[in-house]
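In what follows, a single structure is set out as structure tokens and then discussed.
What follows draws every value from the coordinates through simple rules; no lab data is involved. Quantities reported herein were computed from a predicted structural model and do not represent experimental measurements. Don't worry about glycine lacking a Cβ; one is built from the backbone with ideal geometry, like all the others, and counts go over all protein chains shown.
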Amino acid sequence: MEMGPVWPVCPCCEQMFVQVYCFKDSGEPFLLCSECDAFWWPDDVVGEDTARLLDDVVAARLGVASDGVWADRTWSDVLELQG
């Protein structure tokens with residue numbers, strides 16, 4: 001996947017564009033709006049009704065509760081902008 005916006009405006013918040021990020025541990029790519037934390041897998045149709053929340057996805061990957069996912073970590077510990 002290429003770096004840069006892949007969707008001109010986030011369909012959830014209409015504030016930011018959607019970009020390609022990846023998980024640091026696996027390199028697995030995903031799409032993310034860094035304004036509202038809307039998350040899509042690469043094969044998802046980007047839309048408001050298909051968005052997941054970044055916190056829920058990261059919590060499931062780490063096996064922790066969603067409300068505590070960032071307690072001992074930051075975004076840069078878990079993900080990075082692909083490019």
Revision key, fill the gap. Residues other than Ala65 with Cβ under 12 Å of its Cβ, Lys/Arg counted +1 and Asp/Glu -1, net out at -3
Study note, to complete from the structure: Karplus ³J(HN,Hα) for segment 58-65 (6.51 cos²θ - 1.76 cosθ + 1.60, θ = phi - 60°; Hz, whole; x = Gly/Pro) runs 5, 4, 5, 5, 8, x, 10, 6
Exercise for review: Could you tell me which label, among (i) 1.03; (ii) 1.31; (iii) 1.19, carries the value of Cα Rg over 2.2 N^0.38 Å calculated for this structure?
Suggested key: (i)
Exercise for review: Please list, in chain and number order, the residues 5+ apart from Met16 or on another chain whose amide H is under 5 Å from its amide H, with Hs placed from the backbone.
Suggested key: Cys10
Study note, to complete from the structure: A chain fully extended from Arg73 to Asp56 at 0.36 nm per residue, minus the present Cα-Cα distance, gains in nm 4.7 nm
